[in-house]
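Bear in mind these aren't lab numbers, they're just calculated from the coordinates by the rules spelled out. Since the structure is predicted, the reported quantities are computational estimates derived from the model, not experimental observations. Cβ atoms come from the backbone with ideal geometry, glycine included; neighbour counts cover every protein chain shown.
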Amino acid sequence: MTSAPAGEARGLLRFFVVPGALIATNWAALLGALTVIGLVPALAAATHTTGRLREHPDAAFRSTLSRALGTLRRDAPTSVLAVLVILATGFDALFVASLPSPSRVFVVGVLIPPAWATIAWISAYVQVASEAGSASWFEVAREAMGLCVSRPLRAALAPAAIIALSPLWLLAPLTIACGFSVPPMVVGALWGAWGAESREPRSSARPRVRG
């Protein structure tokens, strides 16, 4: 009985490299997100890792977790804001459901734009934080605002993408499998290669937004 050629075996194993790295990234990000204040650092770390899955797939778990822990203090305020937005959205939905139809339409029209803009900014913050290195919170927040301004269409589409991907992070089996790895990867791809320059060594850690 003969074994499969070595090249064929390696090819078969390569087929499982990316899914395995996505699962490892997901578990590391999930551990960070469970702390609540680590939600945004975990998403930013997952965005960073999933953008480079083929570079070091065997280190996906370790690199994601270490990066999330390294930026925990800086990104904690944005994590709190993200949690408040999630809670406010839930309460607003219950409040709007209790209103009569004419008032409901008006209130929804008033609430959606600021909520949409806030979610877009948080999404941009995650994208910038994934490449920001040792930049301060203020620098990352400012660059996230600049990213929204320079890419308004992507800023408008980012919340829609997050809503479309919500089953991945709302349904427990999918959450455990890929809820914190696939959504950051997709939303990061939507924003585009903002961090292309930051991958090269630079004398300054300050991030820059590319148009």
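Observations on the model:
- Near the amide H of residue 192, within less than 5 Å, lie no amide hydrogens of residues on another chain or at least 5 residues away, with H placed in the peptide plane.
- The convex hull drawn around the Cα atoms of the stretch 43-102, when projected onto a plane and averaged over every direction, covers 6.1 nm².
- Per-selection Rg to Rh, the stretch 1-153 - Cα, Kirkwood hydrodynamic radius: 1.15
- Compactness of the stretch 94-187 - radius of gyration and Dmax, Cα, Å: 16.0, 50
- Net charge over other residues, Cβ less than 12 angstrom from the Cβ of residue 125 (K, R count +1; D, E count -1): -2
- In this simple spin-label approximation, residue 94 and residue 142 carry label points 7 Å from Cα along the Cα→Cβ vector, and these lie 4.0 nm apart.
- Remark: relative contact order (the stretch 66-163) = 28 percent; criterion is Cα-Cα distance under 8 angstrom and separation of 6 or more residues.
- Rounded to whole Hz, the Karplus (6.51, -1.76, 1.60) HN-Hα couplings of the stretch 64-72, x for glycine and proline: 5, 5, 5, 5, 5, 5, x, 10, 4
- DSSP-assigned coil residues among trypsin sites (Lys or Arg not before Pro) in the stretch 34-104, each with at most 11 further Cβ atoms within 10 Å: 54
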